[in-house]
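Some notes on the structure that comes next.
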Amino acid sequence: MGQVSANLSHIHQEISQYSSSYQRPADAVTLLCVSKTKPQTAIIEAYQDGERHFGESYAHEAAEKIQDLKAQGYNDIIWHFIGPIQSNKTRLIAENFDIVESVDRIKIAERLNDQRPAGFKPLQVLVQVNISDEDQKSGCSFTELPELIGFIEQKEHLQLRGLMGIAKETDDLAEIERSFMALKREFDKYSAQYPHFNILSIGMTHDMEAAIKCGSTEVRIGTAIFGPREYRNKEQA
């Protein structure tokens, strides 16, 4: 067993343990393997271990990986874009990804909708909310959320799927859980209104247990699977 496979086994054991501890169904939480800055060989190892959901944050690097892996026959990977979105990168994202988790403003949603290629399935989108209320974090505010959700729901080439949030990096578990639960309340409200609204993407390596406790349906794990990030160019800095 390779290191990636061993790490995946450990992560899945943790997800199963936390799900059981908080009375969540065994299949309630999807693992998103955050493969940004990682080579194709690492992605293939995780793929061969059964993983199908991979997350990227750098549009140019990701587009090359996605196209290369599709050319090699890896056509059933579900690619998630999870990083901050610059206006000049929306076409690359719209052309290569299946899900975008970091839509945080109307301008970006409109560009993704307009640049989704003809004949492609609608681009699935999550709205990123700045649940930690930190200036350096991407995400719309809770007050901006209704307008953005309403806008996305009207777009022909976008499919609204849920919400994403990143908690503050702190040892204060109560603060992390408060921010997760604030997003969960919004998620519950909108999931009752929209038919495909069923993804709550919260939780990373350091706060995965809290996220599962608070109702996460997807955890985003990178370093614990693939090791430290490997920056190679300015886009990744």
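Nothing in this text is a laboratory measurement; each read-out follows from the coordinates by a stated rule. Please read these numbers as outputs of a predicted model, since none were measured by experiment. Heads up, the Cβs are rebuilt from the backbone with ideal geometry, glycines too, and the neighbour counts pull from every protein chain shown.
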Inset, instruction - Evaluate the range 132-144: report whether one residue or more is among the hydroxyl-bearing types (Ser, Thr, Tyr), free of Cβ contacts under 8 Å to residues at least 24 places away in the same chain and closer than 23 Å to residue 11 by Cα. - result: no
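Hey, could you check the range 177-212 for residues that are of a type in the set (Val, Ile, Thr) and closer than 22 Å to residue 13 by Cβ and say which is surrounded by the fewest Cβ atoms within 10 Å (Cβ to Cβ)?
That would be 205.
Restricting attention to strands (runs of 3 or more DSSP E) lying wholly within the range 57-161, give those where 3 or more residues are out of contact with any Phe, Trp or Tyr (no Cβ under 8 Å at 6 or more places or on another chain).
123-129
If you check 19, 35, which single one turns out to be of a type in the set (Ser, Thr, Tyr) and in contact with a strand residue (DSSP E or B) (Cβ under 8 Å, 6 or more places away or on another chain)? Walk me through it before giving the result.
On the way: 19 fails: in contact with a strand residue (DSSP E or B) (Cβ under 8 Å, 6 or more places away or on another chain).
Answer to the check: 35.
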